[in-house]
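The values are calculated or read from the model by the stated rules, or taken from the named source; none is laboratory data. These figures come from a predicted structure and were not determined experimentally. Every residue, glycine as well, gets a Cβ built from its backbone with ideal geometry; the counts of neighbours run over all protein chains shown. Areas reflect the complete protein model, heavy atoms only, side chains present, ligands, DNA and RNA absent. Shrake-Rupley method; radii C 1.70, N 1.55, O 1.52, S 1.80 Å.
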Amino acid sequence: MTEKKTIGAGIVSLGWMGRLHARAYRALGERFPEVAADIRLVSCCDVLEENRRQAVDVLGFERAVEDYHELINDPEVDVVDICAPNFLHHEIAMAAIEAGKPFWIEKPMGISAEQSADIARGAEAKGLITSVGFNYRHVPAVQYARQLIAEGRLGRITNARVWLIADYASDPKGPLTWRYEKGRAGAGVVLDLMGHGEDLVQYLLKDRITEVTALTDTFIDQRPKPLKAGIGHSGWVVSDELGPVENEDYCAIIARFSRGAVCTMESSRVSVGPRAEYIVEVYGTEGSIRWNFEDLNHIEVCLGRDNGAVQGYVKAMAAPDFPDFSRFQPGAGTSMGFDDMKVIEAAKFISGVLDQTQYGPSAADGWSAAEIDDAVVASASDHAWHQVRPVTGPTTYDK
Ligand SMILES: NC(=O)c1ccc[n+]([C@@H]2O[C@H](COP(=O)([O-])OP(=O)(O)OC[C@H]3O[C@@H](n4cnc5c(N)ncnc54)[C@H](O)[C@@H]3O)[C@@H](O)[C@H]2O)c1
């Protein structure tokens with residue numbers, strides 16, 4: 001048996017994502033036994049005392065601290081997970097880079113392309129393996145779709161459609177969390193949801209979005225201020241006092257790829273109806289695919305037009321033929337879930353750290369999405385087409 005290396009993990013912030021990263025590390029050994037690492041949950045950092053207590057008592061961290069510098073400089077922390085609100089990502093990532101520690105950072109990487117460029121360039125200069133939370137890439141059905149596209153089974157790719165329509169902010173009585181403040185979140189739904197879509201479609205096409213035109217809007221412009229923090233979008237207690245929503249609820253984008261394909265993209269956080277309808281469709285001259293996160297274990301595929309009578313989609317259910325599926329479920333049709341994507345993300349990150357090879361979404365990929373976001377925000381402001389600046393460094397969407 002290969003001897004396993006012990007890797008100490010330090011997770012900054014124990015909200016929704018911090019807890020998920022911790023669970024992903026705990027599941028790694030069982031789901032990916034070939035990854036030669038034992039992950040120790042060494043340290044967790046959160047400003048809330050209750051979260052620090054839970055980190056140790058419930059989640060199995062060895063210690064919990066209030067200041068992320070202490071976590072990053074802890075000699076027993078080998079890798080850093082950055083799961084804090086967006087506005088802290090840049091300073092925490094720069095501290096991890098300074099300490100020479102590989103990091104797994106949640107999306108959006110920075111709150112601007114400038115911040116994301118800084119992080120990506122800093123990590124590359126130090127030769128650090130990185131990971132960005134573009135988890136939808138790892139879904140076995142998405143991986144299978146990518147294979148079909150790469151093998152040319154859809155013919156020449158002509159167009160794509162990306163649709164990330166959620167209801168997490170649809171209740172006007174929902175709390176005015178950091179997500180609605182420009183200073184702490186940056187842009188609104190463009191960074192929060194559309195960043196996932198931009199990465200996903202670039203990853204499926206292995207191609208880069210080069211120009212965009214966009215519009216954005218805010219449909220709920222005031223929300224109640226919170227009295228007590230929750231986790232993610234749940235469990236918050238609000239007051240009667242209202243404060244302004246500073247960033248957009250909705251965006252619509254038309255984009256073009258470097259090899260000529262076109263793409264329409266739409267995202268909302270305030271739709272009443274769809275809960276988390278994250279759909280990607282890719283069309284080629286010989287076929288098409290469709291995937292919807294709400295139906296994570298299925299993919300719709302149409303390959304060719306040779307049987308006119310019944311031409312149309314086959315709805316395929318996740319099965320052991322789909323990459324990584326059988327690590328989670330031993331039989332076809334049994335469902336995987338959201339947490340499982342993060343286990344795959346953890347495996348790519350930790351394998352990368354062991355092999356000094358960038359397998360999963362990199363800081364350069366995070367920067368690439370951030371450049372699209374910046375062009376979208378600029379276009380929404382001046383109503384013109386904007387070129388998307390190219391990035392440098394180890395991108396993986398195109399590999
Ligand atoms: N990959 C995905 O699909 C996905 C999903 C949700 C959130 N996210 C991203 O994850 C990040 C965190 O989002 P969340 O939903 O987990 O947020 P959350 O609100 O649930 O948790 C944020 C946590 O940060 C802590 N915190 C605040 N200030 C801190 C500080 N100075 N030092 C340490 N901790 C501090 C808070 O106490 C809280 O526990 C965001 O960047 C978000 O965009 C990604």
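Tabulated data
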| quantity | calculated |
| --- | --- |
| Qualifying residues in the range 111-120 (those that are within 16 Å of the ligand (Cβ to nearest atom) and not aliphatic (A, V, I, L, M)) - the one surrounded by the most Cβ atoms within 10 Å (Cβ to Cβ) | SER116 |
| Residue pairs meeting the criteria (Cβ under 7 Å; at least 6 apart or on separate chains; first open to solvent by 20 Å² or more (accessible area, probe 1.4 Å), in the range 168-182; second within 13 Å of the ligand (Cβ to nearest atom) and assigned to a loop (DSSP other than H, G, I, E, B)) | TYR168/HIS233; TYR168/ARG269; PRO175/TRP236; TRP178/PRO85; LYS182/ASN247 |
| Members of the range 327-348 found to be part of a helix (DSSP H, G or I) and at pLDDT below 95, listed by number | none |
| GLY10 vs. criteria within 27 Å of ASP118 (Cβ to Cβ), touching a residue at least 24 places away in the same chain (Cβ under 8 Å) and out of contact with any helix residue (DSSP H, G or I) (no Cβ under 7 Å at 6 or more places or on another chain) | no |
| Residue among GLU30, GLU34 that is more than 21 Å from the chain's Cα centre (by Cα) and part of a loop (DSSP other than H, G, I, E, B) | GLU34 |
| Unmet requirement for ALA369, which otherwise passes all of (1) farther than 20 Å from GLU266 by Cβ; (2) not in a loop (DSSP other than H, G, I, E, B) | (1) |
| The range 121-147, residues that are surrounded by fewer than 20 Cβ atoms within 10 Å (Cβ to Cβ), of a type outside the set (D, E, K, R) and assigned by TED's automatic domain parsing to the domain that holds GLN202 | GLN143, GLN147 |
| Filter result (open to solvent by 50 Å² or more (accessible area, probe 1.4 Å) and either part of a strand (DSSP E or B) or free of Cβ contacts under 8 Å to residues at least 24 places away in the same chain (or both)) within the range 243-269 | PRO244, ILE254, ARG256, VAL262, THR264, GLU266 |
| Single residue of the range 98-107 satisfying the filter (open to solvent by 10 Å² or more (accessible area, probe 1.4 Å) and of a type outside the set (Asp, Glu)) that is nearest to the chain's Cα centre (by Cα) | LYS107 |
| Residue match in the range 20-34 (condition: near the ligand (Cβ under 9 Å from one of its atoms), surrounded by 21 or more Cβ atoms within 10 Å (Cβ to Cβ) and in contact (Cβ under 8 Å) with a residue 24 or more places away in the chain) | yes |
| The range 51-68 - residue that is touching a residue at least 24 places away in the same chain (Cβ under 8 Å) and within 9 Å of the ligand (Cβ to nearest atom) and, of those, nearest to LEU20 (Cα to Cα) | ASN51 |
| Unique match (being of a type in the set (A, V, I, L, M), free of Cβ contacts under 8 Å to residues at least 40 places away in the same chain and either assigned by TED's automatic domain parsing to the domain that holds ALA261 or under 20 Å from ALA150 (Cα atoms) (or both)) among ALA332, ALA364 | ALA332 |
| First in the range 78-99 and more than 16 Å from LEU14 (Cα to Cα) and more than 12 Å from the ligand (Cβ to nearest atom), second anywhere and among the acidic types (Asp, Glu) and open to solvent by 10 Å² or more (accessible area, probe 1.4 Å), Cβ under 8 Å, 6 or more apart | MET94/ASP118 |
| Among the candidates LEU71, LEU48, residue that is within 12 Å of the ligand (Cβ to nearest atom) and either of a type in the set (Ser, Thr, Tyr) or open to solvent by 50 Å² or more (accessible area, probe 1.4 Å) (or both) | LEU48 |
| Tally of residues being surrounded by fewer than 19 Cβ atoms within 10 Å (Cβ to Cβ) and not aromatic (Phe, Trp, Tyr) across the range 9-19 | 1 |
| Within the range 209-237, tally of residues that are modelled with pLDDT under 95 and surrounded by 17 or more Cβ atoms within 10 Å (Cβ to Cβ) | 3 |
| Selection status of LEU204, in contact (Cβ under 8 Å) with a residue 60 or more places away in the chain, farther than 20 Å from TYR313 by Cα and not in a strand (DSSP E or B) | no |
| Scope the range 374-390; condition open to solvent by 10 Å² or more (accessible area, probe 1.4 Å), out of contact with any Lys or Arg (no Cβ under 9 Å at 6 or more places or on another chain) and assigned to a helix (DSSP H, G or I); matching residues | VAL377, ALA378, ALA380, SER381, ASP382 |
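Let's see how each residue does on (1) hydrophobic (A, V, I, L, M, F, W, C); (2) under 23 Å from PRO140 (Cα atoms):
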{"residue": "GLY235", "(1), (2)": "no, no"}
{"residue": "ILE254", "(1), (2)": "yes, no"}
{"residue": "LEU296", "(1), (2)": "yes, yes"}
{"residue": "SER335", "(1), (2)": "no, yes"}
{"residue": "ASP339", "(1), (2)": "no, yes"}
